[in-house]
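The values are calculated or read from the model by the stated rules, or taken from the named source; none is laboratory data. Note that this is a predicted model, so its numbers are computed, not measured. Using ideal geometry, Cβ is built from the backbone for each residue, glycine included, and neighbour counts are taken over all protein chains shown.
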Amino acid sequence: MSFTFGIYPGGAVGGDLGVVEPVHADDPALINRALDELQGSLPDFLVRAYLHFRSTAASGERLTPAEPERLLGAGARRLELVLGFRDPAGDVESWLAFIREAIDTYGDRIALLQICEEPTVDAPYLDGSTPHVLSALVRGVVAARDHARDLGLTDLAVGFNATPALGPDLSFWHDLAATAAKVAPDFHDALGYVGFDFFPDVFRPIPGPDLARAVELVLTDFRERVLPTAGIGADVPIRIAENGWSTGGGRSEQRQAEVVETVLATVLRLRERLSITGYSHFCLRDADSAATGSLYYGFGLLHTDYTPKPAFAVYRAACRQAGH
């Protein structure tokens, strides 16, 4: 089973109250240099990018990072493109047109197309709070699969992402199955993967010796308890879509390296049993390495000025080992 690495290379990140902007604009030349170093001899490496839909021109659409095609290394890399449904009106029909337009625009540069961004989270800056998000998700997956097929993009995989279900409440997943049955009966056939966003030891501290076991438990739970609730079986692969650990404010760079190493080792150990086919790190560069008051400024493998933290070498080594 093949396994593909990737990374979100932008500086902007989502925070408690919205987007946290980097203190310095992204530098495509320095980003490409870092991506080349991570990729090494790997034949495939994914650039994760976000584009959010809104039906009103006044609210605008933003691509993060800007012009991600500049980061594809003359065809050596492809996009893991995330389409977020942030429309206050919940305009699903316009959303479907937006999906088709994105596929038309980026075509065979897309390896993975993620429909919606964390629809499991009911927060103003994530898709779970948007009206009609479940309909947008299931109809969006089918529309994307069908349009990609019409264009001959047979290796473009369409999926969605989710966060851990921390507790017995699986109402989202029951509702997902019911919505698919009602408005998109082809949803399960069209689904190419499910992305998983998780940040162990960031928002809930985990003692170092317990981290690997905690990662194994949450991944196993997602595969064996959560996904089957929505009728999603083991034939649909999981991809780690967002994972990282933030430095700053007393959180050391050495600890970041240790967490990244432990999570990667655990994911790779479980990939056959749980059908995990990829990992994308969040993210390449800090929004502000000097900030101390927020968790959201220091997720990068690099500092704000693109100098490496120890975790950069850890991720590079994992990618290089996979390439041999």
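Can you tell me which residue within the stretch 21-32, out of those that are farther than 13 Å from residue 283 by Cα and either touching a residue at least 40 places away in the same chain (Cβ under 8 Å) or under 16 Å from the mean Cα position of the chain (by Cα) (or both), is surrounded by the most Cβ atoms within 10 Å (Cβ to Cβ)?
32
Residue-wise test of (1) under 15 Å from the mean Cα position of the chain (by Cα); (2) among the aliphatic types (A, V, I, L, M); (3) at pLDDT 95 or above.
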{"site": "112", "(1), (2), (3)": "yes, yes, yes"}
{"site": "126", "(1), (2), (3)": "yes, yes, no"}
{"site": "134", "(1), (2), (3)": "no, yes, yes"}
{"site": "141", "(1), (2), (3)": "no, yes, yes"}
{"site": "149", "(1), (2), (3)": "no, no, yes"}
{"site": "153", "(1), (2), (3)": "no, yes, yes"}
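Hey, any hits in the stretch 36-51 for a residue that's in a loop (DSSP other than H, G, I, E, B) and either within 17 Å of the chain's Cα centre (by Cα) or within 24 Å of residue 144 (Cα to Cα) (or both)?
The answer is yes, given that some residue of the stretch 36-51 is in a loop (DSSP other than H, G, I, E, B) and either within 17 Å of the chain's Cα centre (by Cα) or within 24 Å of residue 144 (Cα to Cα) (or both).
Which ones in the stretch 63-120 are free of Cβ contacts under 8 Å to residues at least 40 places away in the same chain, of a type outside the set (A, V, I, L, M, F, W, C), closer than 19 Å to residue 149 by Cβ and assigned to a helix (DSSP H, G or I)?
101, 105, 106
Of all residues in the stretch 270-287, which are farther than 17 Å from residue 252 by Cβ and either touching a His at 6+ places or on another chain (Cβ under 9 Å) or in a loop (DSSP other than H, G, I, E, B) (or both)?
Result: 275, 283, 284, 285, 287.
Looking for whichever is of a type in the set (Val, Ile, Thr), at pLDDT 95 or above and under 13 Å from the mean Cα position of the chain (by Cα) here; the options are 92, 82. Which one fits?
Unique residue meeting the criteria: 82.
Which of (1) assigned to a loop (DSSP other than H, G, I, E, B); (2) under 24 Å from residue 78 (Cα atoms); (3) out of contact with any strand residue (DSSP E or B) (no Cβ under 9 Å at 6 or more places or on another chain) is the odd one out, the single condition residue 153 does not satisfy?
So the condition that residue 153 fails would be (3).
Just a yes or no: is a residue in the stretch 105-120 farther than 30 Å from residue 319 by Cα, surrounded by fewer than 24 Cβ atoms within 10 Å (Cβ to Cβ) and out of contact with any Leu (no Cβ under 9 Å at 6 or more places or on another chain)?
Scanning the stretch 105-120, I find no residue that is farther than 30 Å from residue 319 by Cα, surrounded by fewer than 24 Cβ atoms within 10 Å (Cβ to Cβ) and out of contact with any Leu (no Cβ under 9 Å at 6 or more places or on another chain), so the answer is no.
Scan the stretch 57-77 and tell me whether some residue there is of a type outside the set (Phe, Trp, Tyr), crowded, with 21+ Cβ neighbours inside 10 Å and farther than 23 Å from residue 157 by Cα.
For the stretch 57-77, residues of a type outside the set (Phe, Trp, Tyr), crowded, with 21+ Cβ neighbours inside 10 Å and farther than 23 Å from residue 157 by Cα: absent.
Looking at residue 272 and the list (1) in contact (Cβ under 8 Å) with a residue 60 or more places away in the chain; (2) in contact with a Pro (Cβ under 8 Å, 6 or more places away or on another chain); (3) not polar (S, T, N, Q), which single condition is not satisfied?
(2)
State the number of residues belonging to the stretch 288-318 that are modelled with pLDDT under 95 and part of a helix (DSSP H, G or I).
3
Would you check which residues across the stretch 296-322 are without any contact (Cβ under 8 Å) to a residue 40 or more places away in the chain, farther than 23 Å from residue 20 by Cβ and touching a strand residue (DSSP E or B) at 6+ places or on another chain (Cβ under 8 Å) and list them?
Answer for the stretch 296-322, where residues must be without any contact (Cβ under 8 Å) to a residue 40 or more places away in the chain, farther than 23 Å from residue 20 by Cβ and touching a strand residue (DSSP E or B) at 6+ places or on another chain (Cβ under 8 Å): there is none.
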